[in-house]
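Q: Before I ask anything, here is the structure I am working with.
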Amino acid sequence: MPRLFVSVSLAILLVACSDATTPTVTRQLEAAVSSPNSTIPFLPGARVSVLTVLDGTIWDAVALNDLGEVVGWGNNGSGTSDQTFQWTPHYGLKIRGSGVYEDSNASEAVSVNNSAQVLFIGAYARMGIWDWQGNVRFLRPLSSFNPGCTPWQINDAGVSVGGCTAGGLSLATVWTKSGTPSALFINGGSTPVQVDIQYPLLISDSNYIAGPLTDGTGFVFTPSKQYRVLSIPTVSGSKLGSARPLAVNNHGQAVGFSGGRGCTRRGAAWLSPGQATDLGFCGSATGITDDATIFATFVDSATGAQTAVVRTNAGVLYRLPGLEGGTALNEEQSAVVAVNHVGKALGSIVTSTGATHTVIWTLPAL
């Protein structure tokens, strides 16, 4: 099953108490909350909120929609199989499955749209969509002879993308809102798009599709079925090692990572056809808005410490706020995993004491 996020080390599941529906303790980033050792300035006016309902549990949040709904997967601590969860500020936490080994309802959420449809990968090589009313609709595999498929993202029209095995090949696959699968073909021809299934495939609400190719590069597939291979970024005239997209917006602009120049992963963006941009730091870009604001996790090449950052469309890099003040803020680590369309980002913060919190950052207008 896909693993999109670092595990949140947690122990109790709080569903009935007030924290399940009153989710956050919010703090405004004040001018005094700054890190004297940070080389990246904090973003003025940004806020961070903790999803306290996930504190002390073992659930991983992987996606959020514009309504503030968060989805993910994990285990309630008493079982051996994964379960999908949905959370909203008003209705609290809902869980699909019992966590019992070989449970037919075992699943891992990978995406959610603004109709509260949750895309998940389930037991027995099944994929499905779970709605807020509890209804489940399973998606058909591309090949009945080899039903192995990995779904990755669903858009607001209910169209999903992922990868399926057919004829010994891993193929980029699109499911219609009714669940009918079809392979992507290069420029609408007869050659299917082969993908590296361990990395995500993405789809925007305008039906741009991005994903990983088997040669270490990536692609963007337009709504008019034009197929574009993503170029590998260069730094000081030297080409880097890969071109992997992790997010795509409604204009077909993609972000993700390349490799090399002292980094395992290096932030990268593809903002114009045929052009690659090195973002200038180790780490990965995991979200891009329609105005080309980029969210990323910055990695210190010397220490490996991670920091959640945002890059404005003017190219200015800011650090997202933390939870502690004073020198303790220097010891925090943070990461961005997903972004919605209304200025919010989902991620995690590990405090100076080692406590891990699932958080949502709210940004001012940039």
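Q: Residue by residue through the stretch 272-315, note down the ones that are in contact with a strand residue (DSSP E or B) (Cβ under 9 Å, 6 or more places away or on another chain) and aliphatic (A, V, I, L, M).
A: Residues satisfying the conditions are A276, L279, A285, I288, A292, I294, A296, V299, A305, A308, V309, V310.
Q: Now, a different point. Just one of (1) in a loop (DSSP other than H, G, I, E, B); (2) among the polar types (S, T, N, Q); (3) closer than 14 Å to L64 by Cβ trips up T286, so point out which.
A: (1)
Q: If a residue counts only when it is of a type in the set (A, V, I, L, M), which strands (runs of 3 or more DSSP E) contained entirely in the stretch 214-271 have at least 3 such residues?
A: Once the strands (runs of 3 or more DSSP E) in the stretch 214-271 are filtered for at least 3 residues that are of a type in the set (A, V, I, L, M), what remains is 244-248.
Q: Looking at (1) at pLDDT 90 or above; (2) within 22 Å of P151 (Cβ to Cβ); (3) crowded, with 18+ Cβ neighbours inside 10 Å, which is the one condition that is false for R96?
A: Only one criterion in (1) at pLDDT 90 or above; (2) within 22 Å of P151 (Cβ to Cβ); (3) crowded, with 18+ Cβ neighbours inside 10 Å is unmet by R96, namely (1).
Residue by residue, here is whether (1) buried (at least 24 other Cβ atoms within 10 Å of the Cβ); (2) in a loop (DSSP other than H, G, I, E, B); (3) under 21 Å from the mean Cα position of the chain (by Cα); (4) charged (D, E, K, R) holds:
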site	(1), (2), (3), (4)
T277	no, no, yes, no
D290	no, yes, yes, yes
G322	yes, yes, yes, no
N330	no, no, no, no
V337	yes, no, yes, no
A345	yes, no, yes, no
T353	no, yes, no, no
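Q: While we're here: Going through the stretch 172-193 one residue at a time, which ones are more than 19 Å from S224 (Cα to Cα) and surrounded by 15 or more Cβ atoms within 10 Å (Cβ to Cβ)?
A: G179 - this is the single residue of the stretch 172-193 that is more than 19 Å from S224 (Cα to Cα) and surrounded by 15 or more Cβ atoms within 10 Å (Cβ to Cβ).
Q: For the stretch 191-206, check the following and say yes or no: at least one residue is under 21 Å from the mean Cα position of the chain (by Cα), charged (D, E, K, R) and assigned to a loop (DSSP other than H, G, I, E, B).
A: Yes, the conditions are met somewhere in the stretch 191-206.
The values are calculated or read from the model by the stated rules, or taken from the named source; none is laboratory data. Just so it is clear, the model here is predicted, and its values are computed rather than measured. No Cβ is skipped: glycine too gets one built from the backbone with ideal geometry, and neighbour counts run over all protein chains shown.
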